Each structure stands twice: as C-alpha cells, then as structure tokens.
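Below is one structure, written out as structure tokens; the observations come after it.
The values are calculated or read from the model by the stated rules, or taken from the named source; none is laboratory data. Not measured: the values here are computed from a predicted model. Counting neighbours? That spans all protein chains shown, and the Cβs are built from the backbone with ideal geometry, glycine included. Note: areas computed on protein heavy atoms with side chains; ligands, DNA, RNA excluded. Shrake-Rupley method; radii C 1.70, N 1.55, O 1.52, S 1.80 Å.
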Amino acid sequence: MPEIPLIDASTLAEWLKTGKEVTVLDIRPNDEREEWQIPGSIYLDAYKRLNEGDFSVMDEVSIPKNVPVVAVCAAGRTSQIAARELRKREFDAYSLKQGMKGWSLAWNQAAIFFDNYQVIQLRRTGKGCLSYIIASDSKAIVIDASLPIEVYESILRDKNWQLEAVMETHVHADHLSRSKQLADHLGVPLKLPVLNKVSFDHYKIEDGQTIKLQSVSIKVIATPGHTVESICFLVNNEILFTGDTIFTNAVGRPDLKADEDESRNRASLLFDSLQMLMKLKDTIIVLPAHTSSPIAFDEKPVKATLSDIKNIVSILHLPKEKFVETILARLPATPPNYLTIVERNLSGNISDINPIDLEAGANRCAVP
Ligand SMILES: [Fe+2]
C-alpha cells in the first residue's frame with residue numbers, strides 16, 4: 001500500500017491564500033458539514049460508505065484530474081482512505097492532517113484603513129473567531145486574541161509595531177483566550193472589563209473610560225447581556241469592536257453558564273445594550289469577535305455598518321418582552337466544551353492543554 005501524503009492545515013491555508021489551484025473534498029456526514037466547513041470545498045457524502053468498505057463511492061466524485069485534491073474528514077483518518085482510493089483512480093490526492101480539528105487553527109487576515117490608524121482582522125477561517133490589531137503611528141493594541149501568540153508577534157514584528165496593550169471584550173466561551181499569554185510574553189498591560197471574574201492580575205477598564213492609542217481614542221462602552229461583563233470599544237466614533245454582543249447578522253446569546261432566570265435577565269440586559277448601540281451613528285462599522293460562516297481567503301473584512309445590521313437583524317426591532325422571548329426560544333446548542341473553555345479562560349492557565357482537542361467545532365455564540 002503506497003503511503004498517503006498528508007497536508008497540514010497551515011499548508012492548505014497557504015495554498016488557498018495564494019490562489020493555488022486545489023480541490024478540497026469534504027467527505028464528512030452532512031450534519032457535520034452544515035455546522036462548519038472549508039470555504040470553497042466540494043462535498044461527497046462518502047464517510048459512511050468508506051467506513052463500510054464500499055470504496056465505489058469514490059467513483060461518484062466529479063472533480064478535475066489535473067488539480068491536486070485534498071480529502072477532509074473530522075479527524076484525518078477516513079480522509080486517508082478517500083485519498084488512497086482517489087490515488088488508485090489517478091488523482092493527485094492528499095489527506096488533510098487531523099482533518100477539521102487541525103483546520104480549527106487555520107487563519108487568514110484582512111485590513112481596514114482609516115485616516116490615522118488601521119485595523120488588521122485576524123480570522124480563524126473554520127471556527128470563525130475574529131481578533132484584531134489596531135495600529136497607529138507604529139503603536140498597536142490587540143483585541144480578543146484567539147490565535148497562537150506567535151501569529152500576533154510575527155505581524156507586530158513585520159510591521160514594526162510596538163504593542164501597548166492587550167484588551168478583551170469579555171470572557172470567551174468558544175475559544176481559549178490567548179490574551180493573557182500574549183500580554184505576559186510581551187510584557188504589556190492586559191485590560192479586561194471591570195465585572196469579569198478572572199483569577200489572575202490585570203487592569204480593569206470600565207464604561208465611559210477612554211483609552212488612547214497615539215491620536216486615536218478608544219471609548220469603553222458597557223454592554224451587558226451576552227455576558228454580564230461584556231464591553232464594546234468605540235474607536236474615533238468610526239468603528240465598534242462588539243465582541244459577542246452583536247454580530248454582522250445576529251445578536252449574542254445570553255445563556256452560557258446561566259440558568260433560566262439568569263438567561264432571561266441577561267436577555268433583558270442585552271436588549272437595553274443593543275438599543276443603546278443602535279442609537280450610535282448609522283455609518284459606524286461593527287467588527288465582531290465571531291462569525292458563523294466559513295471565512296473565505298479573499299482578504300475582505302467581516303464587517304457591517306450599524307445601518308446594515310438594523311436592516312438584517314429583525315429581532316432588534318421587537319419590543320423588549322418579545323425580544324427576550326424570541327431570543328430564549330432560538331438558542332442554538334451550546335458550544336462544545338464551553339464549560340472547560342470558560343474555566344480555563346478564568347484561570348488563565350492554558351499551557352498544559354492541546355487547543356485542537358478542546359476547541360474543535362463551529363462557533364455558537366450567536367442567535368439569528
Ligand atoms: Fe462569547
């Protein structure tokens with residue numbers, strides 16, 4: 001049996017980033033694909049049949065022969081069978097190492113430029129976590145770090161930006177925060193919302209406070225609801241980093257680590273927070289901490305204006321009582337492993353765990 005060539009997630013991400021011709025063939029059961037997928041991938045419902053030894057399923061694939069094909073499953077085992085069968089059929093086939101688990105850490109970036117500052121949006125393309133570097137005159141602040149700290153370090157180094165602080169909008173439940181690690185490693189202040197319950201040292205920031213980054217002013221706005229401590233950052237009255245309070249097409253869920261009464265209470269707080277945000281200038285650009293669809297390698301930022309969001313997110317127009325009832329009725333399943341992830345983010349200790357095991361799976365912070 002010839003060895004099946006494996007390709008890792010960062011190599012596949014690089015191929016997609018540079019526009020290399022490649023077919024990504026997703027062979028998982030359909031419900032897994034519906035939850036999260038690689039952008040541009042082609043689907044073949046082959047998982048069950050391959051595992052039953054029915055390799056004829058690979059005769060049903062309709063993809064070009066002169067382009068490399070990367071087979072993808074959940075953890076990178078069945079995809080090796082698919083790649084082997086494709087090779088028998090004379091395809092230049094590979095298997096994605098560790099499958100979608102490995103893909104969880106794949107990322108790309110997009111930039112947005114303003115008069116006196118710029119923002120780099122760093123996107124975990126599979127999982128949908130969005131983090132940011134805001135920079136002005138060679139000084140920078142990182143917001144909601146969700147990638148390995150080497151990613152931020154290397155961008156800061158390449159751009160010759162000096163990190164001034166790391167900030168978070170709230171205690172995250174969908175991914176391990178890398179903010180403490182990054183702040184510790186580079187010796188800069190870690191700034192967290194005042195009401196958080198983390199057990200490590202940090203600077204507290206609160207509603208109404210303004211943080212300066214050279215000539216840029218970053219105003220802290222308390223927006224309780226998704227979590228009690230959630231805050232947003234309003235930059236120069238032009239952009240709003242919203243964490244998981246509001247997304248480009250949905251609002252944050254109010255129920256994580258909460259019983260029914262607490263969820264209802266937080267949904268009510270969320271209503272008030274959202275109504276307050278909707279009174280800001282319509283042209284303000286919202287940059288959230290997550291998105292629920294796979295992020296293409298197109299360098300286009302995930303963003304929307306407040307005006308766009310008012311048009312798209314109909315729940316925003318409901319009266320308070322109806323909003324609360326609707327949001328509680330629409331809650332999606334909880335994110336995988338979120339209790340452990342929150343516990344780790346509260347203790348700040350993430351050094352002894354493999355993030356790939358804990359974080360695999362789609363983002364589930366939003367209510368449409
Ligand atoms: Fe969250």
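Please report the carbon-and-sulfur percent of the accessible area for the chain; probe 1.4 Å, protein heavy atoms only, DNA, RNA and ligands left out. Answer for the chain is 47 percent, counting heavy atoms of protein chains only. Taking the centroid of alpha carbons for each part, segment 244-286 and segment 69-97 are 43 Å apart. Only Lys, Arg, Asp and Glu carry charge here, each on its Cβ (+1 for the first two, -1 for the last two); on that basis segment 33-94 has a dipole of about 220 debye about its Cα centre. Here the dipole of the chain is about 380 debye; that uses its Cα centre as origin and unit charges on the Cβ of Lys and Arg (positive) and Asp and Glu (negative). Amide H contacts under 5 Å for Val70: Thr23, Val24, Leu25, Tyr94, restricted to partners 5 or more places along the chain or on a different chain, H placed in the peptide plane at 1.01 Å from N. Projecting the Cα positions of Leu306, Leu358, Val67 onto the charge dipole of the chain (unit charges on Cβ atoms of Lys, Arg, Asp and Glu, taken about the Cα centre) puts Leu306 furthest along the positive direction.
May I ask you to list the residues of segment 18-37 whose amide nitrogen lies under 15 Å from a point 7 Å from Cα along the Cα→beta-carbon direction of Asp54? Inside the label zone: 29-30. Note that segment 75-119 presents 42 Å² accessible area per residue, ligands and nucleic acids not counted, probe 1.4 Å. Karplus couplings for segment 337-354 from phi (6.51 cos²θ - 1.76 cosθ + 1.60, θ = phi - 60°), rounded to Hz, Gly and Pro as x? So the J values, rounded to whole Hz, are 6, 5, 5, 5, 4, 4, 4, 5, 5, 6, 8, x, 9, 10, 6, 9, 10, 8.
In the chain, what % of DSSP beta bridges are antiparallel (nearest 5)?
On the way: 36 of 61 bridges.
So the antiparallel bridges in the chain amount to around 60 percent.
Once you have the Cα-Cα distance between Glu206 and Arg330, take 0.36 nm times their residue separation minus that, and quote the gain in nm to one decimal.
Working: separation 124, 0.36 × 124 = 44.64 nm, distance 3.06 nm.
Result: 41.6 nm gained on full extension.
The calculated FRET efficiency for the pair Asp45 and Lys20, based on their C-beta separation and a Förster distance of 30 Å, comes to about 0.70. Here is how the number arises for the chain: DSSP H runs of 4 or more residues each give -39500 (n - 2.57), the sum is divided by the residue count, and the result at 222 nm is -8000 deg cm²/dmol.
With every protein chain kept in place and ligands, DNA and RNA left out, what is the accessible area per residue of segment 190-264? Probe 1.4 Å, answer in Å². All intermediate terms of the calculation are to be shown ahead of the outcome.
Working: 3030 Å² over 75 residues.
Accessible area per residue: 40 Å².
The phi torsions of segment 57-73, fed into the Karplus equation with coefficients 6.51, -1.76 and 1.60 and a -60° offset, translate into couplings of 4, 6, 6, 8, 6, 10, 9, x, 7, 8, 10, x, 10, 10, 7, 10, 10 Hz, rounded to whole numbers, with Gly and Pro shown as x. Assuming charge only on the beta carbon of Lys and Arg (+1) and of Asp and Glu (-1), the dipole of segment 254-368 about its Cα centre is about 480 debye to the nearest 20. For trypsin sites (Lys or Arg not before Pro), the sites in segment 159-256 that DSSP calls loop and that have at most 14 other Cβ atoms within 10 Å are Lys197. Do the alpha carbons of any pairs in Lys139/Lys281; Lys191/Lys303; Lys204/Lys281; Lys191/Lys219; Lys191/Lys281; Lys97/Lys127 sit beyond 21 Å of each other, and which pairs? In this structure, Lys139/Lys281; Lys191/Lys303; Lys204/Lys281; Lys191/Lys281 exceed 21 Å between Cα atoms. If R0 equals 30 Å, the separation of the Cβ atoms of Asn116 and Ile312 corresponds to a calculated FRET efficiency of about 0.50.
Which whole-number percentage describes the relative contact order of segment 131-233, with Cα contacts under 8 Å and a sequence gap of 6 or more?
Working: 195 pairs, mean separation 23.8, N = 103.
Contact order relative to length: 23 percent.
Along segment 34-39 the Karplus relation, 6.51 cos²θ - 1.76 cosθ + 1.60 evaluated at θ = phi - 60°, assigns HN-Hα couplings of 4, 6, 7, 7, 8, x Hz to successive residues, with x for each Gly and Pro.
For segment 198-261, relative contact order (Cα pairs under 8 Å, six or more residues apart, normalised by length) works out to 21 percent. When only DSSP loop residues count, what trypsin sites (Lys or Arg not before Pro) in segment 23-131 have their Cβ near at most 11 other Cβ atoms within 10 Å? The qualifying sites are Lys65. Label sites at Ser10 and Ala258, each approximated as a point 7 angstrom past Cα along Cα to Cβ, lie 3.9 nm apart.
Enumerate the amide H contacts of Ser146 below 5 Å, restricted to partners 5 or more residues apart or on another chain; note that Pro and chain-start residues carry no placed amide H. Amide H neighbours of Ser146, under 5 Å, 5+ apart: Arg178. Normalised by the number of residues in the chain, the mean separation of alpha-carbon contacts (under 8 Å, six or more apart) gives a relative contact order of 15 percent.
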